[in-house]
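Taking it in order: structure first as structure tokens, then the write-up.
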Amino acid sequence: MRERVRFALEGAQGLERCSQQFRTFPAKMQEFNEVNLLLVHASPESSGVPISDRDERLRLSIHERERLSRQGWLELYAPSSRDLIELAQSLGRPHATRAGGSIIDRLVPTERQQARPGTMSYHLGFEEFPFHTDGAYLRIPPRFILLRLADGADSLRPTLVCPFSSLSLSNGESETLTRDVWVVRGSRRPFLSPILSDSTVHGHTLLRFDLFCMKPASRRSEQSAQILESALKKANPVEVIWTPNQALVLDNWRTLHARGEGPLDRNEGRILERVSVRSGG
Amino acid sequence: MDGWTYDVLWQKAKLYMDRALSEDRDGPLFPFWAALALELLARATLAKVHPALLAEPDCILMAFGYDTGEKMAKSVMAKTVFLRCQKIVPDFGDTELKTSMSIVERRNEELHSGTLAFEEFPTRVWLSSFYRICKLLLTAQGQSLASFLGREEADAAETMIAASEKETLASVQKAIAVKKSEFEKLESSEQKRKHSIAETSSREFEDPSKRLETCPACGGRGAITGERVRAGAARLEGDSMYQDIAFLPTKFRCYSCDLELAGHAFLHAAGLGGQYSVTESYDPVQYYGEMFMENMAADAEAMYQNE
């Protein structure tokens with residue numbers, strides 16, 4: 001409701017633009033969130049006003065939303081952690097990845113011995129991280145993952161982004177990824193899921209892949225691992241080089257990401273902020 | 001109650017089928033895992049409609065996600081599952097129910113007795129029927145044999161189903177040819193007399209699902225009977241209530257040449273397999289009176305259970 005009141009105060013220009021698209025005042029919050037997307041934030045260059053100082057909350061523009069929808073990932077300008085959270089809020093419901101934890105995770109390269117069990121650092125330490133989706137251990141993994149280089153941090157390690165649609169898979173191979181069943185561990189109770197599920201969330205095909213919490217449920221299912229790994233070897237991922245104030249939005253239901261190569265002695269300066277977002281308003 | 005959601009049941013049915021398919025086809029574990037997969041597939045079919053269809057009456061709230069304090073969610077028995085599938089899944093008739101239950105009973109025998117129930121259970125006895133039933137359940141869920149078995153096994157399953165249908169067709173064609181030949185050997189006057197008797201007998205035969213049909217062997221009058229699939233809404237026309245009841249044809253009898261076909265697959269092969277409707281008429285007082293009495297009986301039962 002607070003949002004709806006804010007909407008009413010956005011000003012004549014915003015309302016006019018909204019009314020062009022929506023003839024009536026939105027009755028439901030869901031619709032309202034769609035309307036929000038029309039309240040485009042200007043880029044800092046064009047407005048000359050730092051986003052964090054403005055009244056408006058940072059949101060994706062329609063153009064950006066379309067690009068995210070089309071390519072499965074998006075690079076954005078986010079000069080503060082608050083901006084990252086606001087962007088996350090405009091996409092859905094940000095949530096902590098651990099009970100009682102912060103909405104923002106700080107991802108720091110960690111030696112194996114010091115890493116928490118179950119994390120990728122526990123298995124790989126400073127090494128590259130293989131392609132994966134985040135929160136694969138959850139029945140419904142986060143819809144979006146937002147990453148941002150933390151203030152004062154720097155990184156020579158890129159993040160590699162690979163939309164599922166960019167993989168060269170035949171229909172038969174996609175069928176196998178949908179059919180083969182995997183055991184997913186890491187939550188309260190293990191459960192079964194294919195890599196590509198069209199029955200977990202109605203109306204969506206959901207990509208789930210993390211070899212540290214998933215294993216084929218039967219020998220027959222091993223072929224789906226081979227299919228995906230072989231396709232990833234041939235893939236041409238996007239390399240995101242981290243710069244200050246830069247954020248990356250990943251559609252986690254259809255895009256894989258990985259930690260790229262980099263010099264080990266610079267690891268300690270690489271701090272990424274991460275926000276996980278549940279789908280829906 | 002996560003265990004009753006469609007997705008988890010569907011994934012587990014696939015896993016159990018994978019386990020079956022990785023076993024020796026002539027060994028006991030292939031049908032054992034397949035039997036478990038069949039039940040999960042049937043449960044998934046109900047869950048696709050709503051998980052409450054899997055809940056024992058005192059666990060209904062759990063199916064809607066309410067914590068009732070019960071530790072274990074009690075699921076309905078396999079027989080109830082398949083009986084419900086019979087109402088929900090198109091073309092899932094008595095034959096399919098009997099076949100499914102015979103597989104489930106064998107599984108029970110294996111698990112609850114000292115008998116080796118799957119030791120002498122060759123694939124020729126059950127596998128094509130099993131795949132045909134799976135296909136019906138899968139279609140009702142919007143899935144396919146390929147999404148259940150994988151492409152290669154699904155192709156083999158389709159071939160087996162087609163062969164079984166071909167076998168059924170051949171046996172039906174033979175039965176029709178025999179009756180036709182017998183009938184054609186009769187004098188013309190005798191043929192006419194039999195046709196005439198058939199007209200009367202078929203009219204006099206009473207069954208709520210009766211539908212008159214022309215015999216594919218002799219051209220005389222026969223009757224189809226079937227299993228009730230669903231009832232349409234009752235409507236008032238003039239002084240009477242009418243209701244269309246849909247039936248799946250499962251039996252045909254010709255009153256002229258005595259051709260008899262039993263089982264939907266056989267009627268389908270004879271070109272008599274389409275579902276049909278019979279309009280029932282009621283006196284409004286009788287219709288609402290019966291409903292009233294049924295409601296009273298249900299209320300009385302509920303009150304009894306509440307005490």
(request) Counting only C-alpha contacts under 8 Å and six or more residues apart, can you give the relative contact order of region B:190-290 as a whole percent? (result) 25
(message) If I take every Cα pair under 8 Å that is 6 or more residues apart in region A:65-136, average their sequence separation and divide by the length, what percent do I get for the relative contact order?
(response) 14
(message) Quick check on chain B: what are the equivalent-ellipsoid semi-axes from the Cα gyration tensor, as sqrt(5λ), descending, whole Å?
(response) 39, 32, 15
(message) Let me make sure I get this right: for region B:162-216, a, b and c are the square roots of the gyration tensor eigenvalues over alpha carbons, sorted descending. Under 1.5 in a/c it's rounded, otherwise prolate if a/b > b/c, else oblate. Which is it?
(response) oblate
(request) Quick one: which residues, 5 or more positions from A:Arg254 or on another chain, have an amide H under 5 Å from its amide H? H modelled 1.01 Å from N in the peptide plane, none for Pro or chain starts. (result) A:Leu207
(request) Quick one: pull the percentage of alpha-carbon pairs in the protein assembly as shown with a separation above 37 Å. (result) 53
(message) Quick check on region B:2-149: take the gyration tensor over C-alpha atoms, sort the square-rooted eigenvalues as a ≥ b ≥ c, and tell me if it's rounded (a/c under 1.5), prolate or oblate.
(response) prolate
(request) Could you pull out every residue, at least 5 positions away or on a different chain, whose amide H is within less than 5 Å of the one on A:Tyr77? Hs are placed 1.01 Å off N in the peptide plane, and Pro or chain starts have none. (result) A:Ala247
(message) Quick check: residue separation of B:Leu83 and B:Thr200 times 0.36 nm, minus the Cα distance between them. What number comes out in nm?
(response) 38.5 nm
(message) Just to confirm a number: summing +1 for Lys and Arg and -1 for Asp and Glu over residues other than A:Pro142 whose beta-carbon lies under 12 angstrom from that of A:Pro142, what do you get?
(response) +3
(message) Within the protein assembly as shown, what whole-number % of the accessible surface is contributed by carbon and sulfur, with the 1.4 Å probe and all protein chains included in the calculation?
(response) 51
(request) Kindly compute the accessible surface that chains B and A hide from a 1.4 Å probe when together, both sides summed, and give it to the nearest 100 Å². (result) 1300
(request) Using only Cα atoms, locate the centre of region B:139-206 and the centre of region B:55-93, then give the distance between them in Å, rounded to an integer. (result) 35
(message) Just to confirm, what accessible area per residue do you get for chain B at 1.4 Å probe, in whole Å²?
(response) 54
(message) Run through region B:135-239 and list the GluC sites (Glu not before Pro) located in a DSSP loop whose Cβ has at most 10 other Cβ atoms within 10 Å.
(response) B:Glu187, B:Glu206
(request) Anything over 21 Å Cα to Cα? Flag those among B:Lys48/B:Lys87; B:Lys48/B:Lys251; B:Lys180/B:Lys251; B:Lys14/B:Lys87; B:Lys74/B:Lys135, in the order listed. (result) B:Lys48/B:Lys251; B:Lys14/B:Lys87; B:Lys74/B:Lys135
(request) Please name the residues of region A:136-156 whose accessible area, counted over protein heavy atoms with a 1.4 angstrom probe, falls by no less than 10 Å² between the chain alone and the full protein assembly. (result) A:Arg139
(message) For a quick check of your reading of the filter: which trypsin sites (Lys or Arg not before Pro) in region A:61-159 sit in a DSSP loop and have no more than 13 other Cβ atoms within 10 Å?
(response) A:Arg98
(message) Classify region B:190-290 from the C-alpha gyration tensor, please: rounded if a/c falls under 1.5, else prolate or oblate depending on whether a/b exceeds b/c.
(response) oblate
(request) Calculate one ³J(HN,Hα) per residue across region B:233-238 by plugging θ = phi - 60° into the Karplus curve 6.51 cos²θ - 1.76 cosθ + 1.60, and present them in order as whole Hz with x for glycine and proline. (result) 6, 6, 9, 9, 10, x
(request) Find the relative contact order for region B:2-149 and round it to a whole percent, using C-alpha pairs within less than 8 Å whose residues are 6+ positions apart. (result) 26
(request) Please name the residues of region B:3-44 whose accessible area, counted over protein heavy atoms with a 1.4 angstrom probe, falls by no less than 40 Å² between the chain alone and the full protein assembly. (result) B:Asp7, B:Gln11, B:Lys14, B:Leu15, B:Asp18
(request) Quick one: which residues, 5+ away or cross-chain, put their amide H under 5 Å from the amide H of B:Thr250? H built at 1.01 Å from N. (result) B:Thr225, B:Gly226, B:Glu227
(request) Determine the residues within region A:215-234 where the difference in accessible area between the chain on its own and the full set of protein chains amounts to at least 40 Å²; count protein heavy atoms only and use a 1.4 Å probe. (result) A:Arg220
(message) Are there any trypsin sites (Lys or Arg not before Pro) in region B:1-89 that are in a DSSP loop and have at most 16 other Cβ atoms within 10 Å? List them by number.
(response) B:Arg25, B:Lys71, B:Lys74
(request) Measure off 7 Å from each Cα along the Cα-to-Cβ vector at B:Arg193 and A:Thr243, then give the distance between these two points in nanometres to one decimal. (result) 10.4
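The values are calculated or read from the model by the stated rules, or taken from the named source; none is laboratory data. Keep in mind it's a predicted model, so treat the numbers as computed, not measured. Methodologically, a virtual Cβ is constructed for each residue, glycine included, from the backbone with ideal geometry; neighbour enumeration extends over all protein chains shown. Just so you know, the surface numbers come from the protein's heavy atoms only, side chains and all, with ligands and any DNA or RNA stripped out. Shrake-Rupley method; radii C 1.70, N 1.55, O 1.52, S 1.80 Å.
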